[in-house]
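Here is the structure we will look at, set down as structure tokens.
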Amino acid sequence: MKNNLKTVLTVFSMLLCFSVFAQGPPGGGGQGGRGGGKGQDRGSKPDASEILSKLDTNKDEVIDKDEAANDKRGKIAEDFDVIDANEDGVIDLDELKASLDTRKPKKISAKKILKEVDDNGDGTLNELEVAVEKKLDLMDNFSKIDTNSDGELDLEELKVFYSNQDKPKRKNKD
């Protein structure tokens, strides 16, 4: 009976030790365990300046299309034109930060909309072009946006419309 009790206690002690060591140090410890990335918790959002420093191989403080192609996840290269809000062909830190900030709606570029939707290449959008591309915001507001009433939306009219869309809406106090 004493041998059985001694064996049970020994096995119990060993199990207790293994479970303590398996947990690691209090607070989870340094970089051990699965996915312990440098300065980033698993599932956390990437830091814009960290991404810029990793991808900016020529150290000019911006990411060009060739550098974006080196993004392992491919997301920056895939969304390059969307992230490059000012359409200068490179992504700077502010554009990168804005693309990672999911709280703020993305700024809509009137130039990009015109380029995407203008089927006949005349530099303006008519109601048919807008309807075909299912641009609901333009469809619903076409006559308001068309300030010169020529039946076409030009770049300036689109810029005014989208700049007003970016402004925060005030709540009416009743």
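The values are calculated or read from the model by the stated rules, or taken from the named source; none is laboratory data. Not measured: the values here are computed from a predicted model. A quick note on method: Cβ atoms are made from the backbone with ideal geometry, for glycine too, and the neighbour counts reach across all protein chains shown. The accessibility values were calculated without ligands, DNA or RNA, using every heavy atom of the protein model including side chains. Shrake-Rupley method; radii C 1.70, N 1.55, O 1.52, S 1.80 Å.
Using modelled backbone amide H atoms (1.01 Å from N, in-plane), which distant-in-sequence or interchain residues come within less than 5 Å of Leu153's amide H?
Result for Leu153 returns Leu125, Asn126.
So what are the ³J(HN,Hα) numbers for segment 136-151, from phi and the Karplus equation (6.51, -1.76, 1.60; θ = phi - 60°), rounded to whole Hz, Gly and Pro as x?
4, 4, 6, 4, 5, 10, 3, 5, 5, 5, 6, 5, 8, 6, 9, x
Which pairs break 32 Å Cα to Cα here: Lys65/Lys135; Lys54/Lys159; Lys97/Lys159; Lys65/Lys144; Lys54/Lys135; Lys72/Lys159?
Lys54/Lys159; Lys65/Lys144; Lys54/Lys135; Lys72/Lys159
Towards the positive end of the charge dipole of segment 46-151, with charges on Cβ (+1 Lys, Arg; -1 Asp, Glu), say which of Ile145, Asn120, Ile51 has the farthest Cα.
Ile51
Any chance you could look up the accessible area of Thr147 with a 1.4 Å probe, heavy atoms only, rounded to 10 Å²?
110
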